[in-house]
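The values are calculated or read from the model by the stated rules, or taken from the named source; none is laboratory data. Every value quoted in this text rests on a predicted model; they were computed, and no experiment measured them. Note: ideal-geometry Cβ built from the backbone for every residue, glycine included; neighbour counts use all protein chains shown.
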Amino acid sequence: MDGKTRLNKYLAECGIASRRESDRLIEEGRVTINGRKAVLGDVVDGSEKITVNGRRIGAPERKLVVAFYKPVGVAVTESDPHASETVMDYIDLPERLTYAGRLDKDSEGLLLMTNDGDLIHSMMQGSFAHEKEYIVYLDKEPDAETIEKLAAGVYLIELEKKTRPCRIEKIRRQVVRMVLTEGLNRQIRRMWKQEGIEVKALKRTRVVNITLGDLEPGEYSILSDKQVADLRKALEKDALAPKPKRTPRKFAHNVMKTGEGRIKTVPAGPRKTSLRGANPRLKELAEKSGKVKQGPGKKR
């Protein structure tokens, strides 16, 4: 390693964490240099004995970004005793890679993996509108009204959150292309399920500006320096773009679940005030003012 570099940058280059996360590790006293606790602003040249959580850190590896075609049934995790296969079973490289984003076990397609902590941090920022493109196979043909509704954003009951607007294009009768800028848990499957449509298969074909290309399931390719540089530029552009508006929490009060598992909106209006358990004198005054109707009362 030529010259000296700041410790947080060094840890990021080693694939430990992003610079910001590395600063947090240093502040918490979890990083040592030659036996002493590191402090913010420390610089190193790579010859020191550096540990994180008691584990010694070696010299920075070469920086890699890998495009991997995750097959159906493969778990996106570094280790899982309950999974027959994980993404790590397919990557035959000496570098220690981490996945930048997730893809559920039942889905297939593009997954980016890297040992660049800063790049992972940039890609995992949920507030940035990084595009991800999917081909979705449905069990029935959606009508134009359903597509328009989902594209505008819908409230997911199970997650208690409204989705951001997305792009949906019908390719064939039961096949659509979707471009999302967020990655809620099983988001696409949940969106269609609420409309009574099941996702039969789902394939991710693009992450930001990186595409699946001609990769086959289980194959991977190392991105070129130019591809990585273009990816960084695209991520920086997304970071500078206006942030998507957050959904007000009160939206949840205007949504209710029907017996069929669908949702319907309920017009917002003034809340009714319950006087059950209130001071009897206050209740009497409220009833006299006409603001509260008198009920039959509890039988004694």
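From the list 180, 184, pick out the single residue that is at pLDDT below 95, aliphatic (A, V, I, L, M) and under 18 Å from the mean Cα position of the chain (by Cα). Only one candidate qualifies: 184. Against the list (1) in contact (Cβ under 8 Å) with a residue 24 or more places away in the chain; (2) under 25 Å from residue 92 (Cβ atoms); (3) part of a loop (DSSP other than H, G, I, E, B), the condition residue 205 fails is (3). Which of the residues belonging to the stretch 1-54 are acidic (Asp, Glu) and touching a helix residue (DSSP H, G or I) at 6+ places or on another chain (Cβ under 6 Å)? 23, 42 - these are the residues of the stretch 1-54 that are acidic (Asp, Glu) and touching a helix residue (DSSP H, G or I) at 6+ places or on another chain (Cβ under 6 Å).
Within the set 162, 245, 203, the sole residue that is farther than 29 Å from residue 66 by Cβ and at pLDDT 95 or above turns out to be 162.
Would you check which residues across the stretch 166-183 are assigned to a loop (DSSP other than H, G, I, E, B) and surrounded by fewer than 13 Cβ atoms within 10 Å (Cβ to Cβ) and list them? Residue satisfying the conditions is 173 alone. Only one entry in 218, 213 is surrounded by fewer than 18 Cβ atoms within 10 Å (Cβ to Cβ) and closer than 22 Å to residue 105 by Cβ, namely 218. Is it the case that the stretch 93-102 has a residue that's of a type outside the set (A, V, I, L, M, F, W, C), part of a strand (DSSP E or B) and over 25 Å from residue 131 (Cα atoms)? Taking every residue of the stretch 93-102 in turn, none turns out to be of a type outside the set (A, V, I, L, M, F, W, C), part of a strand (DSSP E or B) and over 25 Å from residue 131 (Cα atoms). Residues in the stretch 69-125 that are charged (D, E, K, R) and under 25 Å from residue 137 (Cβ atoms) were compared, and the one that is surrounded by the fewest Cβ atoms within 10 Å (Cβ to Cβ) is 106. Considering the stretch 139-159, and only residues there that are under 23 Å from the mean Cα position of the chain (by Cα), modelled with pLDDT of 95 or more and assigned to a loop (DSSP other than H, G, I, E, B), the residue that is surrounded by the fewest Cβ atoms within 10 Å (Cβ to Cβ) turns out to be 153.
Looking across the stretch 115-157, the residues that are without any contact (Cβ under 8 Å) to a residue 60 or more places away in the chain and within 30 Å of residue 223 (Cα to Cα) come down to 124, 126.
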